[in-house]
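Engineer: To start, I am sharing the structure in question, which I have written as structure tokens.
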Amino acid sequence: MQTSIRWTMRLAPVVAALLTPPVARAAVFIQCPAPLLTQNATGGSCGAGPCYLDPKNPAASSDPGCVDPEVVDPVTGKPTFFDTCKVRLDPVTGQPSGETTDPTIVCRSITCGDGHVNMADGSDMYVFGFRDVTNAPESLLAGAGFFLGEDGSLTGGAEFAAPTLVARVGQRLYLTLTNVGFRERPDLGDPHTVHFHGFPNAAPVFDGEPMSSFGLNMGASLTYFYDNQYAGTYMWHCHVEAAEHMQMGMLGNLYILPAQDGQAVTHGGQTYTRFAYDDCPTLGTLPLGTPDPMCGTTGYDVMYFLQQASFDPVFHYNDQTYQKLDFANMRDTYAMLNGRGYPDTVNPGVMVNSAGAPSQPLPAIPFTVDAQGVRAPLAIAQGQRLLLHLSSLATESFFTVTVLGIPMRIVGQGAQLLRGPTGINTSYVTGSVTLSGGEAVDVILDTTGVPPGTYFLYTTNLNHLSNDAEDFGGMMTEIVVASAAQ
Amino acid sequence: MIQTTQQGRRLFILLLGALLVLPAAPGRATVLGATGRTFTLTARADTISTGDGDSMWMWGLGLGGGRMQYPGPTLIVTEGDSITVILRNQLPVPVSLVFPGHSVTASGGTQGMLTREVPAARPGVPGQAVVYRFTATHPGTFSYHSGTLPDLEVEMGLVGALIVRPRGSPNQAYNDPASAFDREFLYLVTEADPVLHQQLAFSCLSAAGCDLASVDLTRRHPTDWFVNGRTFPDTMMDPFVAYLPTQPYNCAPMFHPGDRVLIRWVAGGADLHPFHTHGQNHLVIARDGRLLRTPGSAAPDLAVSDYTTTNVPGETVDALWGPWTGERLGWDVYGTQDINPHTCNAAPGSNFDPVSREYCPDHDKPLPVTLPSQSDVTYGVVGVGMWGGTPYLGVSGDVPPINPASSTQMNVVGGISFMWHSHAERELTTNNIFIGGMATMALIVPVGTAIP
Ligand SMILES: [Cu+2]
């Protein structure tokens, strides 16, 4: 007996070392090297520095509305944290910008799971997807467990389209994914990932393709790291069981802004300060060279992003109701832009699903967001240039789109400026552009000489101008050209 | 949700075995095929295997009098040569061959709509032959296929690739040095509807011969998707394996950091296939055997970089992928000194080590995040996984058994892999079984690890 006890004692430290991970931590955890800038929603004093939220330790936040996630409204009995602590919003996407106290660092936090969205014909659709929870401190995120809470931010499940990811050249994006599991299909237990589609010189560890790396299990977090060095239109999606998860809606916009933004460049008599690409090697990150004839050609006044995707309602129904999936007969009948069919595409607001939860945050028109988060459509003034980041993540269909009445100049493709290896400008003007799943172009619509009015961007696959059986809608949106600004 | 079959699982285990012997594994520096000036091809029927465990009755072309293969033999010739292709026929239907992009003269047989045809084989009647002659005037990537009932016969498998190498420059795709490559890989992409093949097989069993009217091509609905005649994961197996006797060609790219990798895409079927290269963009330098260039330019000055290129039926695309170096990731992709002691000495005027091809400005920078524990992640998909155990190139680590049926570790050299696949994601299935279809995994191994 003595011997046995001694052996146990000798083994104990070894066993403890095997069971304890090198760094003790919960499975749900956020990694962001700098605190998140906030809007100071309560108007209190943030001290000498900027207003910020420390998502790891809210008590250390400088924003007085962010220091205590436990505060409960005495009347409603609900937590007030998401009313008093608001992270900064991106003015184009209306979603958390992820800005931190370090201008070279952007942090976003997202969850993945399932949910419901509304189709433009009013029908309900079960989806897999992501949700932006950048404003949630780690304690609330971890406390939500597999099932999200009742409060404002964490209510509801997946959004469609997925949160739009944005960073600028020179910025490092820390993207924390937390798998909260499927509420309606817990039997599946699926892992999920983020695939940053088109990331140059990628490494498998952050590529999200699970055969080359791994997927993230339920109840855990994984922080992806992207040091962004090249501007352009990319896209992102879950890559686990891609034929299923992508059809089910785990798709989102992603674009990287050029380093050149903020510098004034004159092209064609107009001066621009915002650009699709670093098109001036003398200003951007490219090696110094002679003045480039493409300098300023990608300048724009207004920018927006549109992602083509389409749903097969039968496939979604089968996944919701525990039935065998029919990949072979997948057939999309809801063609959408940014997760909506026309006329929902031109509604600037956040759409809610049949349960009243925010489900489709992105319209397919440029919009403005005020400090209260109220949105309004943004018209293009005659003479201005509109840049569209246009991508497709359709899993079965191929879509051609046109803009009736405004020529389209394609200035970029595959997250690359359309410039040949020897410097030739290979951009082109066209009346339509066709995208397969996984393809993207940068389109500039120049409204010089375009009479004020409403113009339609729509798919010329005319059968897809429909919301399933409703013979109206589908992949279409509006571009409003206003009188020239005086 | 994953649905698979026992047969599928068995194939995945075979894949494990194939990769375990990695130093002698599938990658090839050049495309496999038949070389020479004169080729005899015989159209015959046979069966192929698909990754769902099924088999499909096919018509294909065999080299000489050999067994037919899918796709037909890749014909590799040299610019300027006079090429002769002799076609014989053992099928119960007439067949012919067309060579898009070439000026062909045909003799023998009977005149068909597009070219001269070899009549249907008849028992007891000596077989005829048609001789096709052309000069390989332009280097590049081309295809060939049946010119008789092509909607049916190409679906049935009578299609192949033709590569014309520039004379005197075997390591270039074209005569311009901008098309030079270290490694090249053929991606002949096709699709098939197994129901049509069954219908035709049943009709051909009758004593009266094949009843083509019984096959309704208007209802063609492909559910199998192929690269070089194989579905994933068979694409990753060795070439010429005994258990795939009519599907000799694999597609398992393997290369080193910094290599110039030529992808020769041939769209051999009737549908569009958007092909996405994980890891890095590819530069499209040529279409249909012609460099993308302005008049007067020798170099492809109109080349276009992209991360997805749509393969359009009948079209070929030559693209240079990479080079991949892990440049500007913001961390050392070879690991820090405590993980993997190594040096990085940039060549003068360069950011790269001339031997290892490492990007030196990121040398010794740590991975900026902590990864989840092994219990919080799932490696691979349905037992197929190529994670080497660490994020670092050339550093192997502990990986839990990816396939419960096997305790072997794949990817023992610490390579890193990228999926190159159809981005019409539905096509990652084989007759409704995920994962399968039009996919391959490209494997990057460190400089110093030999590639066959
Ligand atoms: Cu997923």
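The values are calculated or read from the model by the stated rules, or taken from the named source; none is laboratory data. The shown structure was predicted, so the numbers you read here are calculated from the model rather than taken from an experiment. Cβ sites come from the backbone with ideal geometry, for glycine too, and all protein chains shown count toward neighbours.
Engineer: Just name the residue that is surrounded by the most Cβ atoms within 10 Å (Cβ to Cβ) out of those in the stretch A:384-416 that are among the charged types (D, E, K, R) and away from chain B (no Cβ under 14 Å).
Structural biologist: Among residues in the stretch A:384-416 that are among the charged types (D, E, K, R) and away from chain B (no Cβ under 14 Å), the one surrounded by the most Cβ atoms within 10 Å (Cβ to Cβ) is A:385.
Engineer: If you don't mind, another one. Can you spot a residue in the stretch A:173-190 that is facing chain B (nearest Cβ under 9 Å), within 17 Å of the chain's Cα centre (by Cα) and hydrophobic (A, V, I, L, M, F, W, C)?
Structural biologist: no
Engineer: Another question, then. Could you say whether any residue in the stretch A:188-196 is free of Cβ contacts under 8 Å to residues at least 12 places away in the same chain and within 14 Å of the ligand (Cβ to nearest atom)?
Structural biologist: yes
Engineer: A follow-up question, please. Give me a count of the residues in the stretch A:447-486 that are in a strand (DSSP E or B) and either surrounded by 19 or more Cβ atoms within 10 Å (Cβ to Cβ) or of a type outside the set (Asp, Glu) (or both).
Structural biologist: Within the stretch A:447-486, residues that are in a strand (DSSP E or B) and either surrounded by 19 or more Cβ atoms within 10 Å (Cβ to Cβ) or of a type outside the set (Asp, Glu) (or both) number 15.
Engineer: If I go through the stretch A:397-416 residue by residue, how many of them are assigned to a loop (DSSP other than H, G, I, E, B) and in contact with a Ser or Thr (Cβ under 7 Å, 6 or more places away or on another chain)?
Structural biologist: Here is the first cut: in the stretch A:397-416, the ones assigned to a loop (DSSP other than H, G, I, E, B) are A:397-398, A:404-407, A:414-415.
Those still in the list that are in contact with a Ser or Thr (Cβ under 7 Å, 6 or more places away or on another chain) too: A:397-398, A:406, A:414-415.
So the answer is 5.
Engineer: Regarding the stretch A:180-187, can at least one residue be identified that is farther than 27 Å from residue A:102 by Cα, within 14 Å of the ligand (Cβ to nearest atom), in a strand (DSSP E or B) and modelled with pLDDT under 95?
Structural biologist: Within the stretch A:180-187, one or more residues are farther than 27 Å from residue A:102 by Cα, within 14 Å of the ligand (Cβ to nearest atom), in a strand (DSSP E or B) and modelled with pLDDT under 95.
Engineer: With the requirement that a residue be within 14 Å of another protein chain (Cβ to nearest Cβ) and either of a type in the set (Gly, Ala, Ser) or farther than 16 Å from residue A:302 by Cα (or both), what does the stretch A:437-462 give you?
Structural biologist: A:437, A:438, A:439, A:440, A:441, A:461, listed by residue number.
Engineer: Among the numbered conditions (1) more than 14 Å from the ligand (Cβ to nearest atom); (2) over 19 Å from the mean Cα position of the chain (by Cα), tell me where residue A:199 comes up short.
Structural biologist: Against the list (1) more than 14 Å from the ligand (Cβ to nearest atom); (2) over 19 Å from the mean Cα position of the chain (by Cα), residue A:199 comes up short only on (2).
Engineer: A follow-up question, please. Of all residues in the stretch A:31-77, which are part of a helix (DSSP H, G or I) and not aliphatic (A, V, I, L, M)?
Structural biologist: Selection gives A:58, A:64, A:65, A:66.
Engineer: Would you mention how many residues in the stretch A:306-318 are more than 12 Å from chain B (Cβ to nearest Cβ) and touching a residue at least 40 places away in the same chain (Cβ under 8 Å)?
Structural biologist: 7
Engineer: Just one of (1) surrounded by 22 or more Cβ atoms within 10 Å (Cβ to Cβ); (2) in contact with a helix residue (DSSP H, G or I) (Cβ under 7 Å, 6 or more places away or on another chain) trips up residue B:72, so point out which.
Structural biologist: (2)
Engineer: If you don't mind, there's one more thing I want to ask. From the set of residues in the stretch B:196-236 that are among the β-branched types (Val, Ile, Thr) and either within 14 Å of chain A (Cβ to nearest Cβ) or more than 27 Å from the chain's Cα centre (by Cα) (or both), which is surrounded by the most Cβ atoms within 10 Å (Cβ to Cβ)?
Structural biologist: To start, the set of residues in the stretch B:196-236 that are among the β-branched types (Val, Ile, Thr) comprises B:215, B:218, B:223, B:227, B:231, B:235.
Now narrow it down to the ones that are either within 14 Å of chain A (Cβ to nearest Cβ) or more than 27 Å from the chain's Cα centre (by Cα) (or both): B:215, B:218, B:223, B:231, B:235.
Values: B:215: 22, B:218: 5, B:223: 22, B:231: 30, B:235: 28.
Filtering first and then ranking leaves B:231.
Engineer: Residue under question is residue A:252, and the condition is that it be small (Gly, Ala, Ser) and out of contact with any strand residue (DSSP E or B) (no Cβ under 9 Å at 6 or more places or on another chain); does it hold? Walk me through it before giving the result.
Structural biologist: Values: small (Gly, Ala, Ser): yes; out of contact with any strand residue (DSSP E or B) (no Cβ under 9 Å at 6 or more places or on another chain): no.
Judged against the criteria, residue A:252 is not a match.
Engineer: Within the stretch A:417-436, is there a residue that is part of a loop (DSSP other than H, G, I, E, B), within 14 Å of chain B (Cβ to nearest Cβ), hydroxyl-bearing (Ser, Thr, Tyr) and touching a helix residue (DSSP H, G or I) at 6+ places or on another chain (Cβ under 8 Å)?
Structural biologist: no
Engineer: Taking the stretch A:118-130 as the region of interest, how many residues are more than 18 Å from residue A:188 (Cβ to Cβ) and within 16 Å of the ligand (Cβ to nearest atom)? I'd like the intermediate steps shown before the answer.
Structural biologist: Residues of the stretch A:118-130 that are more than 18 Å from residue A:188 (Cβ to Cβ), as a first pass: A:118-124.
With the extra rule that they be within 16 Å of the ligand (Cβ to nearest atom), the set shrinks to none.
Qualifying residue count, the stretch A:118-130: 0.
Engineer: Determine if the stretch B:297-307 includes at least one residue that is more than 9 Å from chain A (Cβ to nearest Cβ), part of a loop (DSSP other than H, G, I, E, B) and of a type in the set (S, T, N, Q).
Structural biologist: Within the stretch B:297-307, the subset more than 9 Å from chain A (Cβ to nearest Cβ) is B:298.
Narrowing the set further to residues that are part of a loop (DSSP other than H, G, I, E, B) leaves B:298.
Within this subset, residues satisfying the condition of being of a type in the set (S, T, N, Q) are none.
Within the stretch B:297-307, none of the residues are more than 9 Å from chain A (Cβ to nearest Cβ), part of a loop (DSSP other than H, G, I, E, B) and of a type in the set (S, T, N, Q).
Engineer: Among the residues of the stretch A:319-354, write down those that are part of a helix (DSSP H, G or I), more than 10 Å from chain B (Cβ to nearest Cβ) and within 29 Å of residue A:189 (Cβ to Cβ). Lay out the reasoning, then the answer.
Structural biologist: At the first step, the residues of the stretch A:319-354 found to be part of a helix (DSSP H, G or I) are A:319-320, A:344-346.
Now restrict to residues that are more than 10 Å from chain B (Cβ to nearest Cβ): A:320, A:344-346.
Passing the criteria: only A:320.
Engineer: If I filter the stretch A:93-113 for residues that are within 16 Å of the ligand (Cβ to nearest atom), within 14 Å of another protein chain (Cβ to nearest Cβ) and either free of Cβ contacts under 8 Å to residues at least 60 places away in the same chain or part of a strand (DSSP E or B) (or both), do I get at least one hit? Outline the logic, then answer.
Structural biologist: Step one: of the stretch A:93-113, the residues within 16 Å of the ligand (Cβ to nearest atom) are A:110-113.
Retained after the next criterion (residues that are within 14 Å of another protein chain (Cβ to nearest Cβ)): A:112.
Subset that is either free of Cβ contacts under 8 Å to residues at least 60 places away in the same chain or part of a strand (DSSP E or B) (or both): A:112.
For the stretch A:93-113, residues within 16 Å of the ligand (Cβ to nearest atom), within 14 Å of another protein chain (Cβ to nearest Cβ) and either free of Cβ contacts under 8 Å to residues at least 60 places away in the same chain or part of a strand (DSSP E or B) (or both): present.
Engineer: Still on this structure, please answer the following. Which of the strands (runs of 3 or more DSSP E) found entirely inside the stretch B:111-191 contain at least 1 residues meeting this: at positive phi? Don't jump to the end; show me each part of the working.
Structural biologist: Details: elements: B:129-135, B:140-145, B:159-165.
Per the criteria, B:140-145.
Engineer: Could you say whether any residue in the stretch B:267-276 is part of a loop (DSSP other than H, G, I, E, B) and crowded, with 23+ Cβ neighbours inside 10 Å?
Structural biologist: Yes, that holds for at least one residue.
Engineer: Still on this model: Out of (1) in contact (Cβ under 8 Å) with a residue 60 or more places away in the chain; (2) surrounded by fewer than 22 Cβ atoms within 10 Å (Cβ to Cβ); (3) farther than 16 Å from residue B:439 by Cα, the odd one out for residue B:257 is which?
Structural biologist: Every condition holds for residue B:257 apart from (2).
Engineer: Across the stretch A:210-263, what is the total count of residues that are aromatic (Phe, Trp, Tyr), at the interface with chain B (Cβ under 9 Å from one of its Cβ atoms), under 18 Å from the mean Cα position of the chain (by Cα) and within 16 Å of the ligand (Cβ to nearest atom)?
Structural biologist: Counting residues in the stretch A:210-263 that are aromatic (Phe, Trp, Tyr), at the interface with chain B (Cβ under 9 Å from one of its Cβ atoms), under 18 Å from the mean Cα position of the chain (by Cα) and within 16 Å of the ligand (Cβ to nearest atom) gives 1.
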